[in-house]
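Single-structure report; data block below.
What follows is calculated from the coordinates using simple rules that are stated; it is not laboratory data. Computed from a prediction, not measured in an experiment: that's the story for all the values here. Here the Cβ positions follow ideal geometry from the backbone for every residue, glycine too, while neighbour counts run over all protein chains shown.
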Amino acid sequence: MQPVIIFIVLMVVAIALAVGMIVQGHGCNRLELCIRRCFIKGDIEEQVPEKIQHTAYYLMLELGDLLESDKDIEQYYGVKTVFNHVSALRAETLGYREQTTIPMRPEAQPSYLKVIK
């Protein structure tokens, strides 16, 4: 009797995992989409366009290269630049296209710091 109960519990867990993967999955076929519509109310989100995926990937690579640098100032300005690009990408994906130009390198600004001994 106990092996039957254990088998039933394992089957219920396996079915629950399969349904969970279908609900959270991408590129579903028709049967999976029907099952997914039963659990998710409203429109099913579409996959992210490849252009945005590639842009995000290259931003991540650029950030990794900047953080490997030994110079702190280069890291600082590089992270600020990547942050500006990420903000622009986020605004573009949300539909709020702002017509702003983002400089690739920080502008040279004079330093107003004085050394006092």
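A Förster radius of 22 Å combined with the Cβ-Cβ distance from L31 to L10 puts the calculated FRET efficiency at roughly 0.40. When you count the other C-beta atoms within 10 angstrom of each residue and take the mean per peptide, 4-17, 76-89, 51-64 line up highest first as 76-89, 51-64, 4-17.
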